[in-house]
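Since the structure comes first, as structure tokens, the remarks are kept for the end.
Every number in this text was worked out from the coordinates using simple rules, so none of it is lab data. The structure presented is a predicted model; accordingly, all values stated were derived computationally and were not measured. Note that each Cβ is placed from the backbone with ideal geometry, even for glycine, and that neighbours are counted across all protein chains shown.
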Amino acid sequence: MSLTKLIDRRMGIFLGLLFLVTVCVPLGNLVMSPDSALHVPSFAVALMGKYLCYALLAVALDLVWGYCGILSLGHGAFFALGGYAMGMHLMREIGDRGVYANPDLPDFMVFLNWDRLPWFWHGFDMFWFAAIMALVVPGLLAFVFGWFAFRSRVTGVYLSIITQAMTYALMLAFFRNEMGFGGNNGLTDFKDVLGFDLQSDATRVGLFVCSALALAGGLLLSKWITASKLGKVLVSIRDAESRTRFLGYRVEGYKLFVFVVSAMLAGLAGALYTPQVGIINPGEFSPANSIEIVIWVALGGRGTLVGAALGAIIVALSKTLLTGWIPEIWLFALGAMFILVTLYLPKGVLGFIEASRDRLRPKAKAAPVKEAEA
Amino acid sequence: MPLGFRAASFPKDRIMTRLTSLFAPILMLLALVTALPGAAATLEELMQRLPQGSYDDRAALVMEIAATGDERAVPLLEALGEGDLQELKSDGTLVRVVKEGKTYTAYDPLTGESLGEIGRRDGKKVKVNNGLRRAIRSALGIMTLRHPDPAKRLEAAEAAFKSGDPDQLEALDAALLAESDREVATVLGAARAVAMLNSDATEADQFEAVTTIAAMGNQDALGVLLPLAAGEGPVAEAAADAVADIERSQKVWGLAQNVWYGLSLGSVLMLAAIGLAITFGVMGVINMAHGELIMVGAYTTFVVQEFIRNTMPEMFGWSLLIAAPLAFLTAGAVGVAIERGIVRHLYGRPLETLLATWGVSLILQQTVRSIFGPNNREVGNPDWMSGAFELGQLTITYNRLWILVFSLIVFAGLLALLKRTPMGLQMRAVTQNRAMAADMGIRTGWVDAMTFGLGAGIAGLAGVALSQIDNVSPNLGQSYIVDSFMVVVFGGAGNLWGAFAGAFTLGVANKFLEPVAGAVLAKILVLVFIILFIQKRPRGLFALKGRAVEA
């Protein structure tokens with residue numbers, strides 16, 4: 001498939017902007033002197049890195065919801081699992097610099113009087129292993145879950161609710177100290193990654209650039225999938241599942257494939273998120289978090305990929321601004337967003353912008369984007 | 001009354017005696033001022049005679065002291081029994097002497113008041129022998145066993161049961177004869193039986209004792225009988241039989257207890273979920289704001305109670321009955337508003353509805369937080385909702401019982417509404433085939449609004465009930481939303497019996513898993529079970545049949 005087909009106009013504009021930001025932010029942080037008006041403070045770099053992770057997560061959800069009609073209310077679980085995989089590596093990296101100075105056991109295990117590492121912690125001292133696990137574990141969970149759910153044709157609201165049950169069950173499980181993932185407090189106090197100090201500006205910028213690359217890669221991969229023949233089948237499943245099945249397609253296989261890919265993208269987002277935020281805890285599994293991801297996608301524009309990324313950044317940015325400014329108003333704003341977007345912006349911000357542009361230039365041939373009915 | 005339960009209140013009483021001993025000097029002073037000289041032998045006079053006479057005379061004297069019933073005699077007799085009581089050579093005063101390191105400190109034996117340091121040779125020990133000690137022990141036992149307050153007597157009897165000292169036998173016999181309170185008498189009988197077992201009583205007496213204890217049938221009885229059953233001889237065999245009996249009955253009661261807890265949890269789940277089942281069944285819409293409607297009901301209860309507290313406190317017992325219809329109407333009104341304002345525009349798009357109602361839930365949550373503050377609000381239990389009663393070995397709290405009854409009433413009411421009223425008929429028609437119902441002239445839009453309002457109203461009622469057992473906070477709804485989804489999905493939407501069966505099955509299953517796996521793991525297991533169950537029956541336990549399924 002040619003690159004020009006992958007990068008259509010909206011994708012081109014978005015990737016261009018992303019590239020611009022990825023170049024300017026490091027320059028602003030590392031090159032500009034702290035007194036300069038163009039200086040980008042370090043916390044802002046980490047914050048923007050976090051937004052990019054959210055954007056990747058939103059793209060992952062858009063892939064399944066926007067193109068295949070699977071409304072997952074449990075995507076936060078895949079994200080958190082990826083985050084935990086990376087968090088486990090970072091915990092091992094601390095080594096004997098922890099409070100208890102135990103070279104093998106993370107602090108919380110020493111605190112719980114464990115005498116050796118649980119079996120599932122082995123291997124996480126190697127970065128490559130943790131990185132693979134951050135993709136494999138969410139992918140595996142999605143595979144098992146999807147294999148059962150799609151094969152028995154659990155669809156629509158029922159599917160949404162059991163995905164929610166999945167993330168809720170995982171949250172309860174990770175809250176337990178006996179699980180061996182730090183319980184309530186999660187994993188934190190990270191020192192460095194691959195030998196780079198996590199507190200240093202250069203590392204933060206590096207992680208930021210990685211997040212931007214991951215987002216661009218995730219977008220292109222998703223675009224490639226959706227623009228392919230397989231992508232057409234996915235859209236037809238979204239719009240008329242039974243009909244697609246009658247036409248002879250194995251609907252379960254397609255759904256399972258895209259669900260697993262999406263879960264792995266979410267895991268990647270989580271793995272990049274943990275070192276930038278400095279903590280991963282069971283709260284990430286909470287059903288409310290997963291539902292919030294859905295509003296990112298809906299706000300930006302479902303089934304547009306770029307819109308999902310845009311939506312995530314818009315919502316996360318307004319959350320940061322509003323909670324800092326008048327905290328009480330944030331839930332009102334978020335709630336209103338849910339309602340107004342579903343009622344008045346069924347195609348999201350991106351759809352709205354493109355529709356207004358088409359209205360302004362009536363002669364230009366509008367490229368119709370077929371929207372989902374359900 | 002299980003013994004362990006009463007014994008738990010010991011420390012509090014100990015604090016009380018500490019307090020009284022703090023005030024004792026003042027009381028003493030008052031007593032000295034008001035006491036008339038030359039009255040019948042007072043405790044002080046009797047005490048002064050303690051060092052004199054033969055051991056038998058002094059044993060009689062100890063009994064006489066006990067007979068005064070004066071509480072101050074307890075430390076005195078204890079000191080005597082320990083051999084700490086000394087007679088000062090200078091003036092013949094009796095003091096309790098405690099050796100601390102190398103110094104000797106004298107205390108008033110009655111009040112515990114410190115009288116300062118004394119020399120090692122200043123006092124002469126008041127001698128005791130084993131016979132006297134026995135007399136002291138039973139005197140002490142009698143003192144508390146004869147206390148005018150039945151609660152104190154019960155406590156003493158339980159202490160006697162725990163100690164099982166055979167020396168108390170006579171005191172217990174005497175106390176048992178004098179006892180009028182049935183509950184205390186039962187425990188006294190048990191204590192007597194334990195003392196009997198520990199004494200060198202005849203085999204017949206011991207058999208009788210085993211039977212008495214076995215009749216108690218609780219954990220304490222097991223504690224006494226288990227060591228006995230380990231021995232040999234006919235008594236041990238009888239004890240072993242009794243142990244087996246008790247363990248069997250305890251297993252049954254444990255089962256019953258789990259069932260009760262499960263039903264109780266099930267009733268809560270059903271209240272929380274049944275409104276959801278109605279909305280989902282008729283409209284195919286999951287109302288994510290359902291939990292917040294429960295919260296609205298709970299806060300309505302809070303407001304009603306505040307109003308009653310401030311204006312007519314004597315009506316407090318009625319507060320819940322007043323709150324219930326108000327909560328139904330308030331939550332119902334909010335529900336109708338949600339339906340007319342939002343849900344109506346999103347028909348045929350269930351996932352969008354889910355998102356929009358989630359938005360509503362956030363707004364409702366924050367509204368309540370802004371008005372009532374983020375903390376828990378105090379919602380009181382009326383008298384008839386508090387306390388508990390015993391059913392065999394089950395402890396049943398009234399609030400749980402009433403909630404179970406309430407949930408059944410709500411369920412029956414809804415069932416009647418759906419099956420016996422024109423509105424119910426229309427609702428069922430819309431559930432089964434919306435298009436056909438519309439063709440028959442049913443105003444489906446109106447039915448939708450009413451159904452949504454009804455579901456929301458039921459959530460309000462659930463809020464009234466939940467305010468009695470849960471914290472009323474802005475997060476109240478959140479904690480129930482996942483659970484109620486599970487019930488609906490498990491039971492099958494659009495069928496009240498589905499919600500009924502789903503709620504009670506999940507409730508009981510949860511409570512049976514809890515002792516085995518722990519509370520959190522039990523919940524996880526139930527969630528996993530539901531996820532797997534949905535694979536087998538994607539439309540729940542009681543799936544709707546017909547065309548509605550594919551809608």
Kirkwood Rh (inverse of mean 1/r, distinct Cα pairs), the protein assembly as shown, angstrom: 33.4 Å
Helix B:444-466 vs. chain B, principal-axis angle (Cα, 0 to 90°, nearest 10): 10 degrees
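State the dimensionless ratio Rg/Rh of the stretch B:40-145 (Rg: radius of gyration of Cα atoms; Rh: Kirkwood radius).
Values: Rg = 13.2 Å, Rh = 13.8 Å.
Computed over Cα atoms, the ratio is 0.95.
Neighbouring Cβ atoms within 10 Å as the yardstick, rank A:121, B:446 fewest first. Walk me through the numbers on the way to the answer.
Details: A:121 18, B:446 12.
Sorted ascending by nearby Cβ count, the order is B:446, A:121.
What do you get for Rg/Rh of the stretch B:236-331 when both radii come from the Cα atoms and Rh is the Kirkwood radius?
On the way: Rg = 22.3 Å, Rh = 17.3 Å.
When Rh is taken as the Kirkwood radius, the ratio is 1.29.
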Reachable aspartates and glutamates, given that their alpha-carbon falls under 19 Å from the alpha-carbon of residue A:50 and they are not under 8 places away in the same chain: A:62, A:189, A:192, A:197, A:201, A:284, A:292
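Counting helices only, and only those DSSP H runs with n ≥ 4, report the 222 nm mean residue ellipticity of chain A as the sum of -39,500 (n - 2.57) divided by its residues, in deg cm²/dmol to the nearest 500.
On the way: 15 runs with 253 residues, N = 374.
Here the helix-only value at 222 nm equals -22500 deg cm²/dmol.
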Peptides ranked, highest mean first, by Cβ atoms within 10 Å: ranges B:173-184, B:137-148: B:137-148, B:173-184
Degrees, to the nearest 10: B:130-145 long Cα axis against longest axis of chain B: 40 degrees
Contact order relative to length of chain A, as percent, for alpha carbon pairs under 8 angstrom and 6 or more apart: 31 percent
On Cα atoms only, tilt of B:476-491 relative to the major axis of chain B in degrees: 60 degrees
Cleavage-rule hits (trypsin sites (Lys or Arg not before Pro)) in the stretch A:105-212: DSSP loop, at most 10 neighbouring Cβ within 10 angstrom: A:116
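Of B:162/B:511; A:232/A:347; A:223/A:319; B:125/B:152; A:5/A:232; B:99/B:127, which sit over 23 Å apart, Cα to Cα? Each step should come with its number before you reach the end.
On the way: B:162/B:511 32 Å; A:232/A:347 19 Å; A:223/A:319 28 Å; B:125/B:152 33 Å; A:5/A:232 15 Å; B:99/B:127 17 Å.
Result: B:162/B:511; A:223/A:319; B:125/B:152 exceed 23 Å.
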Proximal lysines to residue B:419, defined as alpha-carbon separation beneath 30 angstrom and excluding residues fewer than eight positions away on the same chain: B:536, B:545
Average silhouette area of chain B, convex hull of alpha-carbon atoms, in square nanometres: 36.8 nm²
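So what's chain A giving for Rg/Rh, alpha carbon basis, Kirkwood Rh from the mean inverse pair distance? Walk me through the numbers before you get to the answer.
Numbers: Rg = 21.1 Å, Rh = 21.5 Å.
Taking Rg over the Kirkwood Rh, I get 0.98.
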Average Cα contact separation per residue, chain B, under 8 Å, 6 or more apart, as relative contact order %: 15 percent
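For chain B, what is the calculated [θ] at 222 nm in deg cm²/dmol (nearest 500), taking -39500 (n - 2.57) for each run of four or more DSSP H residues and dividing by its residue count? Intermediate results must be reported in sequence, preceding the final value.
Working: 22 runs with 379 residues, N = 551.
Helices in chain B give a 222 nm mean residue ellipticity of -23000 deg cm²/dmol.
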Burial ordering of A:344, B:104, fewest other beta-carbon atoms within 10 Å first: A:344, B:104
